[in-house]
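Visitor: First the structure, which I've put down as structure tokens, then a few questions once you've had a look.
The values are calculated or read from the model by the stated rules, or taken from the named source; none is laboratory data. Being a predicted model, the structure only gives us computed values, none of them experimental. Cβ sites come from the backbone with ideal geometry, for glycine too, and all protein chains shown count toward neighbours. Ligands, DNA and RNA are stripped out before the accessible areas are found, and what is left, the full protein with its side chains, is counted by its heavy atoms. Shrake-Rupley method; radii C 1.70, N 1.55, O 1.52, S 1.80 Å.
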Amino acid sequence: MRSAPGIHDLASRLKSGDPRTVARVAAWHAVLHGTSTVLIGLPLTGPGLEAAVATVLSGAKVVFDDPDGHPARALAALERGGAEVAVLDSARVAALAAEPAAAMTDLSELRQVLHLGGAAEFGEVPLVRLQQGADGVVASVRDHDAHETVLAAIDAVRTPGLAREHTAAFVARLDEAVLASMLHALQEHGVLTDPSIAHDVAEVLAAARVAPRHHAVVERWLTALTGRAVLARDGERVRGAAPVGVDSVDKAWAAARALWTEGLGDAAVIDYFRLNADHLPGLMSGEEQAALLLFPEGRQDLADALYRRTAVARQLNAMVAAAVGALADRGPLRVLEIGAGTGATSEVVFDRLAESGARDVDYHFTDVSSFFLTTAQERFPRHGFVRYGVFDADGGNREQGFTPGSVDVVIAAGALNNARDTDATLRRVRELLAPGGWLLLIEPTREYLEILISQAFMMTAAEDDRLRSGTTFLSRAQWLHALAGAGFGRTHVVPDDDHPLAPMSQCLLVARR
């Protein structure tokens with residue numbers, strides 16, 4: 001490629017920051033990012049050279065093909081090179097498809113053909129036609145339209161009539177209530193009651209009778225308590241604080257409840273977290289199970305209030321439904337939902353698809369537990385486009401019968417924070433997606449203190465960046481880093497910082513393969 005005509009001129013323009021050159025190469029990079037091998041069958045000038053440079057910059061291997069060579073030679077190059085993506089002229093695609101050797105060529109690694117020019121056909125390999133825009137930027141016509149349509153659908157979701165200041169005040173009051181409950185639960189065991197005495201973490205865990213499997217959770221309590229200056233650190237040791245009385249705990253929860261019930265959600269949600277706070281001694285020791293507090297007697301009414309009827313859940317679930325609906329309106333769609341659980345997000349998506357009369361949708365509702373599958377089948381009997389199955393996000397795709405590139409959309413609403421290794425899970429999710437496929441990911445993006453006294457007692461121990469940072473949830477920046485590291489390209493995050501629900505720190509991350 002060093003001898004290609006124009007390479008030095010292109011390098012010079014990139015180095016100088018020429019806007020049009022940078023924009024063109026960046027556009028190619030966005031289309032090709034995340035692939036391991038790309039075959040370039042265009043002349044090494046103009047778009048062909050820009051595509052090759054973008055491929056190299058993304059860390060992928062480039063296989064070159066003579067655009068004027070015999071079609072059989074190009075097919076052989078595709079087979080030998082193991083290219084995932086081919087970049088060709090539209091007429092060249094037609095010539096390859098008509099070549100008799102095509103039927104005998106192993107193209108199992110080829111995931112997508114990007115072609116410049118007119119219409120083209122190439123067997124069952126997905127094609128995306130590219131064009132040069134007025135400003136010279138290479139853009140995928142179908143991909144660009146879909147991307148803009150989906151983002152517009154998400155942005156059109158109605159915002160609840162709340163003030164950001166109200167939401168922020170609630171978050172502050174709730175954190176105060178949870179911190180008071182944490183400290184009270186520890187102090188009830190006669191530890192951390194004196195500011196003049198410092199304790200080893202192990203001493204605190206032993207005194208509070210914390211079961212070994214819950215050590216990490218309570219250690220994060222200590223991180224939160226010292227981080228918010230409720231307790232103080234003395235090197236590796238933790239100093240106590242003045243005893244917190246039951247009246248102070250009650251007052252803190254009442255303040256949080258009053259703000260919550262003014263438009264943020266059902267009283268049942270805040271009462272559920274308070275119930276967990278009252279049961280902390282039993283949860284810490286392992287004598288009580290957090291799952292039984294969330295699903296008392298197997299009922300889902302509390303879970304429904306938590307995952308369906310909060311303002312932030314309604315907002316984010318509606319955004320996911322809008323995105324899926326916009327894609328289904330464009331044609332056939334294969335959807336895989338991971339960790340669908342109670343079906344809180346699924347239900348909103350199902351209703352959107354049913355309302356629009358989407359005819360060619362295959363929606364695979366999955367969870368790691370068959371308990372949720374049985375309940376969902378009873379809850380959603382009228383949706384014929386839905387099928388149900390078990391899927392473990394921590395397991396291998398092929399071992400569970402899932403084929404690479406077989407899904408257009410993956411939905412994971414509050415599911416991936418329970419993965420052992422988010423980085424590895426995201427790589428497996430990307431493998432499932434067809435080229436240009438979508439990941440719609442709903443996740444908390446701050447340390448949710450109320451989760452540390454409830455669902456954290458039933459979550460999988462982390463082996464990723466959460467372990468290194470000592471947190472339960474990844475931050476927004478950590479999610480973006482993890483998505484980029486897994487090979488996802490364009491990523492869009494909502495809501496923005498000015499949104500009324502932004503202080504809740506729950507986000508929808510939209511990422512593309």
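Visitor: Could you pull out every residue, at least 5 positions away or on a different chain, whose amide H is within less than 5 Å of the one on A232? Hs are placed 1.01 Å off N in the peptide plane, and Pro or chain starts have none.
Guide: When sequence neighbours closer than 5 places are left aside, the close amide H contacts are R239.
Visitor: Calculate the spin-label point distance for R213 paired with A26, positioning each point 7 Å from the Cα along the beta-carbon direction, and give it in nanometres.
Guide: About 5.0 nm separates the two model spin labels.
Visitor: Still on this model: By how many nm would the segment from R330 to E297 grow when fully extended, if each residue of separation counts as 0.36 nm and the alpha-carbon distance is taken off?
Guide: Working it through step by step, the gained length comes to 7.6 nm.
Visitor: Taking the Cβ of D367 as the centre, find all other residues whose Cβ is under 11 Å away and add up their charges (Lys, Arg: +1; Asp, Glu: -1).
Guide: Net charge in that neighbourhood comes out at -2.
Visitor: Helix 7-16 sits at what angle to the longest principal axis of the chain, using alpha carbons and giving 0 to 90 degrees rounded to 10?
Guide: 40
Visitor: Round to the nearest 0.05 the FRET efficiency obtained for A268 and R158 when R0 = 25 Å and r is the Cβ-Cβ distance. Intermediate results must be reported in sequence, preceding the final value.
Guide: Values: r = 24 Å, r/R0 = 0.95.
E between A268 and R158, to the nearest 0.05, is 0.60.
Visitor: Non-local amide H neighbours of V63 (under 5 Å, H modeled in plane, Pro and chain starts lacking H): which ones?
Guide: V38, L39, I40
Visitor: Rounded, prolate or oblate: which fits the range 134-254, taking a ≥ b ≥ c as square roots of the Cα gyration tensor eigenvalues, rounded meaning a/c under 1.5, else prolate when a/b beats b/c?
Guide: prolate
Visitor: Taking only protein heavy atoms and a 1.4 Å probe, what accessible area per residue, in Å², does the range 214-283 have with all protein chains in place?
Guide: Accessible area per residue, the range 214-283: 45 Å².
Visitor: V31 accessible area, nearest 10 Å², 1.4 Å probe?
Guide: Here the accessible area works out near 40 Å².
Visitor: Something else now. In what sequence, largest accessible area first, do V62, V210 appear using a 1.4 Å probe? Could you put the intermediate results ahead of the total?
Guide: Numbers: V62 35, V210 10 Å².
So, going from the largest accessible area down, we get V62, V210.
Visitor: Then there's this: Per residue of the range 185-202, what does 6.51 cos²θ - 1.76 cosθ + 1.60 with θ = phi - 60° give for ³J(HN,Hα)? Whole Hz please, x for Gly and Pro, Karplus curve as stated.
Guide: 5, 6, 5, 4, 9, x, 10, 6, 9, 9, x, 8, 10, 9, 10, 5, 4, 4
Visitor: Would you tally the net charge around T261, using a Cβ to Cβ cut-off of less than 13 Å, leaving T261 out, and scoring K and R as +1, D and E as -1?
Guide: Working: positive: R173, R257, R274, R309; negative: E262, D266, D271.
So the surrounding residues net to +1.
Visitor: Further question on the same structure: In square angstrom, rounded to the nearest 10, how much accessible surface does S370 have for a 1.4 Å probe?
Guide: Near enough 70 Å² of accessible area.
Visitor: While we're on this one: Taking amide H positions as placed in the peptide plane 1.01 Å from N, state which residues far from I197 in sequence (5 or more) or on other chains have amide H under 5 Å from it.
Guide: Sorted by chain and number, the residues that satisfy this are G240.
Visitor: Using θ = phi - 60° and the Karplus relation 6.51 cos²θ - 1.76 cosθ + 1.60, list the HN-Hα couplings for the range 156-171 in order, rounded to whole Hz, with x at every Gly or Pro.
Guide: Each residue of the range 156-171 in turn: 7, 5, 5, 8, x, x, 10, 9, 4, 4, 5, 4, 5, 5, 4, 4 Hz.
Visitor: Which order do D155, D301 take by accessible area at a 1.4 Å probe, largest first?
Guide: D155, D301
Visitor: Another question, if that's okay. So what's the angle, to the nearest 10 degrees on a 0 to 90 scale, between helix 267-278 and the longest Cα principal axis of the chain?
Guide: It works out to around 60 degrees.
Visitor: Let me ask something else. If you count the DSSP beta bridges with both ends in the chain, what percent of them are antiparallel, to the nearest 5?
Guide: Values: 19 of 56 bridges.
Expressed as a percentage, antiparallel bridges in the chain total about 35.
Visitor: Hey, if we sort H29, H115 by accessible area with the 1.4 Å probe, largest down, what's the order?
Guide: Highest to lowest solvent-accessible surface, that is H29, H115.
Visitor: With all protein chains present, calculate the accessible area of T491 using a 1.4 Å probe and round the result to the nearest 10 Å².
Guide: Only protein atoms counted, so the area is about 50 Å².
Visitor: Please give me the summed charge of the neighbours of T226: other residues whose Cβ is under 12 Å from its Cβ, Lys and Arg +1, Asp and Glu -1. Intermediate values should be presented prior to the final figure.
Guide: Values: positive: R220, R228, R233, R237, R239; negative: E219, D234, E236.
The answer is +2.
Visitor: If you take percent of Cα pairs over 31 Å apart from the coordinates, which of (i) 44; (ii) 59; (iii) 53 do you get?
Guide: Here percent of Cα pairs over 31 Å apart agrees with entry (iii).
Visitor: Return one number: the angle in degrees, 0 to 90 and rounded to the nearest 10, between the long axis of the Cα atoms of helix 19-32 and the longest principal axis of the Cα atoms of the chain.
Guide: 80
Visitor: Then there is this: May I ask you to evaluate 6.51 cos²θ - 1.76 cosθ + 1.60, the Karplus curve with θ = phi - 60°, for each residue of the range 227-233 and list the ³J(HN,Hα) values in order in whole Hz, giving x for glycine and proline?
Guide: Working through the residues one at a time gives x, 9, 6, 6, 10, 10, 8 Hz.
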